[in-house]
């Protein structure tokens, strides 16, 4: 009888550890990174293009919202999206980072993540860096703009941090009054 309890206990521990591997990020960013630190990290080029489909482009993969790869910095950039394109009633930009056929996506978690867990904000003066995970069905990301912001543009940078089949990535977001 005690062996049966021990086996059940061990199985519960192993399943809990397995959940930790599935539902948490590997190699979490433990401190805030400045853009300079973000830019100095090694990066990798993907075999596919990245886009930013969102509600302001009707969730389409168009060249205007295609990231460009800067080989010198090893960063994917999408610069100077005009905030005036957003709905004035909603200070939130909902978007995804994906390839053209949606098979490769990056986000804070899989589709089952609570939408509130995918909301983030940026101060008007500084950019912010977050860790992304690869998924074939990532949850939407939601950038919540500061109230009464004077910013006119938002720019995104993605740094692919490893060359695995399902790579990890970092997302840098910056608001600005003038184009970058």
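The values are calculated or read from the model by the stated rules, or taken from the named source; none is laboratory data. Since this is a predicted model, take the numbers as computed values, not measurements. Every residue, glycine among them, receives a Cβ derived from its backbone with ideal geometry; neighbour counts consider all protein chains shown.
As a summary of the residue check, residue 142 satisfies the conditions (1) out of contact with any strand residue (DSSP E or B) (no Cβ under 6 Å at 6 or more places or on another chain); (2) touching a residue at least 24 places away in the same chain (Cβ under 8 Å) except for the one numbered (1). Could you tell me whether the range 147-162 includes any residue that is buried (at least 18 other Cβ atoms within 10 Å of the Cβ), more than 20 Å from residue 48 (Cα to Cα) and at pLDDT 90 or above? The answer is yes, given that some residue of the range 147-162 is buried (at least 18 other Cβ atoms within 10 Å of the Cβ), more than 20 Å from residue 48 (Cα to Cα) and at pLDDT 90 or above. Assess whether residue 119 counts as being crowded, with 17+ Cβ neighbours inside 10 Å, closer than 21 Å to residue 33 by Cβ and in contact with a strand residue (DSSP E or B) (Cβ under 6 Å, 6 or more places away or on another chain). Against the criterion (crowded, with 17+ Cβ neighbours inside 10 Å, closer than 21 Å to residue 33 by Cβ and in contact with a strand residue (DSSP E or B) (Cβ under 6 Å, 6 or more places away or on another chain)), residue 119 does not qualify. Considering the range 165-180 alone, what residues qualify as being in a loop (DSSP other than H, G, I, E, B) and either at positive phi or touching a residue at least 24 places away in the same chain (Cβ under 8 Å) (or both)? Of everything in the range 165-180, those that are in a loop (DSSP other than H, G, I, E, B) and either at positive phi or touching a residue at least 24 places away in the same chain (Cβ under 8 Å) (or both) turn out to be 166, 167, 168, 177, 178, 179, 180.
Criterion applied to 61, 103 was being over 23 Å from residue 129 (Cβ atoms), in contact with a strand residue (DSSP E or B) (Cβ under 7 Å, 6 or more places away or on another chain) and touching a residue at least 24 places away in the same chain (Cβ under 8 Å), and the one residue passing it is 61. Restricting attention to the range 37-73, the residues being within 14 Å of residue 106 (Cα to Cα), surrounded by 15 or more Cβ atoms within 10 Å (Cβ to Cβ) and out of contact with any helix residue (DSSP H, G or I) (no Cβ under 8 Å at 6 or more places or on another chain) number 4. For the range 42-56, the count of residues that are touching a strand residue (DSSP E or B) at 6+ places or on another chain (Cβ under 9 Å) and modelled with pLDDT under 95 is nonzero.
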